[in-house]
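Remarks on the structure that follows.
The values are calculated or read from the model by the stated rules, or taken from the named source; none is laboratory data. Remember, predicted model here, so these are calculated numbers, not experimental data. Cβ: placed from backbone, ideal geometry, glycine included. Neighbour counts: every protein chain shown.
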């Protein structure tokens, strides 16, 4: 049994009240989702800065960067990194379903 499962089992044994456990776990999930949503908002803000600074959308940037048209300047790698982080976080949050977003 892994450490998290052991802790959940201990909570279950100590509480004896499944509604308390449910509420507690829902609060933990809510906290984690809210933290990820805040990160995602910061990623979107940074993408907006790049878009305003360079006068193109992130989708256009990615097409041009991936084709080699923009070269190897450090800011392009920063933008590409933020785009990847954003896509990854969006995928993670969407996989939770609409009830958790």
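So which residues in segment 8-25 are in a helix (DSSP H, G or I) and either farther than 27 Å from residue 97 by Cβ or touching a residue at least 60 places away in the same chain (Cβ under 8 Å) (or both), if there are any at all? Walk me through how you get there before you give the answer.
First, the residues of segment 8-25 that are in a helix (DSSP H, G or I): 8-15, 18-25.
Within segment 8-25, 10, 13, 14 meet the criteria.
Where residues in segment 57-74 are surrounded by 16 or more Cβ atoms within 10 Å (Cβ to Cβ) and closer than 22 Å to residue 90 by Cα, which of them is farthest from the chain's Cα centre (by Cα)? Lay out the reasoning, then the answer.
At the first step, the residues of segment 57-74 found to be surrounded by 16 or more Cβ atoms within 10 Å (Cβ to Cβ) are 58, 61-62, 65, 70.
Filter again for closer than 22 Å to residue 90 by Cα, leaving 58, 61-62, 65.
Details: 58: 17, 61: 21, 62: 19, 65: 23 Å.
Looking at residues that are surrounded by 16 or more Cβ atoms within 10 Å (Cβ to Cβ) and closer than 22 Å to residue 90 by Cα, I get 65.
Does any residue of segment 85-93 turn out to be outside any helix (DSSP H, G or I) and surrounded by fewer than 11 Cβ atoms within 10 Å (Cβ to Cβ)?
Within segment 85-93, the subset outside any helix (DSSP H, G or I) is none.
Looking through segment 85-93, none of the residues is outside any helix (DSSP H, G or I) and surrounded by fewer than 11 Cβ atoms within 10 Å (Cβ to Cβ).
If you go through segment 26-36 one residue at a time, do you hit one that is within 30 Å of residue 76 (Cβ to Cβ) and either touching a residue at least 12 places away in the same chain (Cβ under 8 Å) or in a helix (DSSP H, G or I) (or both)? Don't jump to the end; show me each part of the working.
Looking only at segment 26-36, we keep the residues that are within 30 Å of residue 76 (Cβ to Cβ), and these are 35-36.
The next check asks that each one be either touching a residue at least 12 places away in the same chain (Cβ under 8 Å) or in a helix (DSSP H, G or I) (or both); those that pass are 35-36.
So far as segment 26-36 goes, yes, one or more of its residues are within 30 Å of residue 76 (Cβ to Cβ) and either touching a residue at least 12 places away in the same chain (Cβ under 8 Å) or in a helix (DSSP H, G or I) (or both).
Considering (1) assigned to a helix (DSSP H, G or I); (2) surrounded by 13 or more Cβ atoms within 10 Å (Cβ to Cβ), say which one residue 53 fails and leave the rest.
(2)
Of the numbered conditions (1) at pLDDT below 95; (2) surrounded by 12 or more Cβ atoms within 10 Å (Cβ to Cβ); (3) out of contact with any helix residue (DSSP H, G or I) (no Cβ under 8 Å at 6 or more places or on another chain), residue 100 fails exactly one; give the number of that condition.
Every condition holds for residue 100 apart from (3).
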